[in-house]
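J.: Here it is, the structure in full.
The values are calculated or read from the model by the stated rules, or taken from the named source; none is laboratory data. Only a predicted model underlies this, so the values are computations on that prediction, with no experimental measurement involved. When we count neighbours, we look across all protein chains shown, and the Cβ atoms used for this are built from the backbone with ideal geometry, even at glycine. Accessible surface is based on the protein model in full, side chains and every heavy atom, while ligands, DNA and RNA are left aside. Shrake-Rupley method; radii C 1.70, N 1.55, O 1.52, S 1.80 Å.
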Amino acid sequence: MKLKSLILAAGLAAFGTAGFADGHGAKVKVGMITTLSGGGAGLGIDVRDGFMLAAKMAGNDNLEVVIEDDQRKPEIAVQLADKMIQSEKVDVMTGIIWSNLAMAVVPAATAQGRFYLSPNAGPSALAGKGCHPLYFNVAWQNDNLHEAAGAYANDAGYANSFILAPNYPAGQDALTGYKRMYEGELAGEIYTKLGQTDYAAEIAQIRASGADSVFFFLPGGMGISFLKQYAGSGVDLPVIGPAFSFDQGILQAVGEAALGVKNTSQWNKDIDNAANKAFVEAFQAEYGRLPSLYASQGYDTANLLLSAMGKASVTDPDAFRAALAEADFASVRGNFRFGSNQHPIQDFYVREVIKEGDVFTNKIIGASLTDHGDAYAAECSY
């Protein structure tokens, strides 16, 4: 296939265009706003790389992808979205990692008649009363992986968890999700600063709390900092987390401190289906590294879009929305369908951090929640 380079306003080189004709042979233009610099860059890079890999593997020239860096700043994300909609005339938007950025961009994009396919952020406000016919989440609703962690804590016999997360929409959803499923008591509950790197005070509170376990959601560099400091603190309590703090791109930076930790995810590289095997092999061949959860979500997002493009034209929003809602693609997760609020219904797993040769990674050790949706769908009405 041909890859045409685009020169972006932010001075970044796009991966280019790769294409699929939609159901009527027309081109579809996608605006991808994601985090490509700063502390969360690895997450956005993986979403981008997974998305572009799916496009490349399909191999034709009618899908145009414009890529921009939001720098993890809501005001920049909004400016980029306005530019993409009003100047670039994109048909579909995607890419955002962080829920506070999604809350700034998604409602504005859908209000201007653009489809938004989320490859990551799934704030509860957009799953319930703030849902929209043009908004699809292809990853999960924010609470889901934390609900799976709460269910695992019950199975493991933990009865007094200390829980913490950053104080932003995804962090609030994280603790809500854990508490929704967890049946024990709470030894403590803390909201940290978004982007925080020093956790000495929080670890001191954990030490003094009488907890029998620690659940935390600290994505990206926050999780790396916490785990290293926790491992060096002498506090010897089992840690539970969602995949975000134990994902492939993060584990190498955390190192030995993560070994044996249990975490929850809807995806792992060892899920046994043909689509996932092909994805893992192709990603390693293309990029020279193992794929992450974020890469898998970018890949599925592209394949969902492509499946809809084969059935309907984006110029017919009702037909295109119906085609998206069918979710007629081979997900790397296996079972995948949309609920009534256009958020996934899927299986969730418990993973354990292991070491394969010199590489830290995860293996699935069991199921946590099966065919699981979200708690907000009943509040959604179009």
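J.: Could you figure out which of (1) without any contact (Cβ under 8 Å) to a residue 60 or more places away in the chain; (2) assigned by the TED database to the domain that holds residue 129 isn't true of residue 371?
T.: (2)
J.: Still on this structure, I have one more. For the stretch 230-270, how many residues meet the condition of being in contact with a strand residue (DSSP E or B) (Cβ under 7 Å, 6 or more places away or on another chain), open to solvent by 60 Å² or more (accessible area, probe 1.4 Å) and of a type in the set (Gly, Ala, Ser)?
T.: 0
Conditions (1) open to solvent by less than 50 Å² (accessible area, probe 1.4 Å); (2) touching a strand residue (DSSP E or B) at 6+ places or on another chain (Cβ under 7 Å), marked per residue:
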site: 126; (1), (2): yes, yes
site: 129; (1), (2): no, no
site: 135; (1), (2): yes, yes
site: 146; (1), (2): yes, yes
site: 152; (1), (2): yes, yes
site: 156; (1), (2): yes, no
site: 160; (1), (2): yes, yes
site: 173; (1), (2): yes, no
site: 195; (1), (2): yes, no
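J.: Do we have any residue at all in the stretch 310-333 that's of a type in the set (Ser, Thr, Tyr), assigned by the TED database to the domain that holds residue 50 and out of contact with any helix residue (DSSP H, G or I) (no Cβ under 6 Å at 6 or more places or on another chain)?
T.: Yes: one or more hits.
J.: Another question about this same structure. Hey, can you tell me all the residues within the stretch 64-91 that are under 19 Å from residue 295 (Cα atoms) and either basic (Lys, Arg) or open to solvent by less than 50 Å² (accessible area, probe 1.4 Å) (or both)?
T.: 65, 66, 67, 68, 69, 70, 72
J.: Only one of 335, 273 is touching a Ser or Thr at 6+ places or on another chain (Cβ under 9 Å), at pLDDT 95 or above and surrounded by fewer than 15 Cβ atoms within 10 Å (Cβ to Cβ); which?
T.: 273
J.: Hey, could you check the stretch 29-44 for residues that are in a helix (DSSP H, G or I) and in contact (Cβ under 8 Å) with a residue 40 or more places away in the chain and say which is most open to solvent (accessible area, probe 1.4 Å)?
T.: Out of the qualifying residues, it is 42.
J.: I'd like to know if the stretch 212-229 contains one or more residues that are buried (at least 22 other Cβ atoms within 10 Å of the Cβ), of a type in the set (A, V, I, L, M, F, W, C), without any contact (Cβ under 8 Å) to a residue 60 or more places away in the chain and over 29 Å from residue 37 (Cβ atoms).
T.: yes
J.: Oh, and also: Any residue at all in the stretch 338-346 that is out of contact with any strand residue (DSSP E or B) (no Cβ under 7 Å at 6 or more places or on another chain), open to solvent by 20 Å² or more (accessible area, probe 1.4 Å) and in contact (Cβ under 8 Å) with a residue 40 or more places away in the chain?
T.: Checked against the condition, which is being out of contact with any strand residue (DSSP E or B) (no Cβ under 7 Å at 6 or more places or on another chain), open to solvent by 20 Å² or more (accessible area, probe 1.4 Å) and in contact (Cβ under 8 Å) with a residue 40 or more places away in the chain, the stretch 338-346 yields at least one hit.
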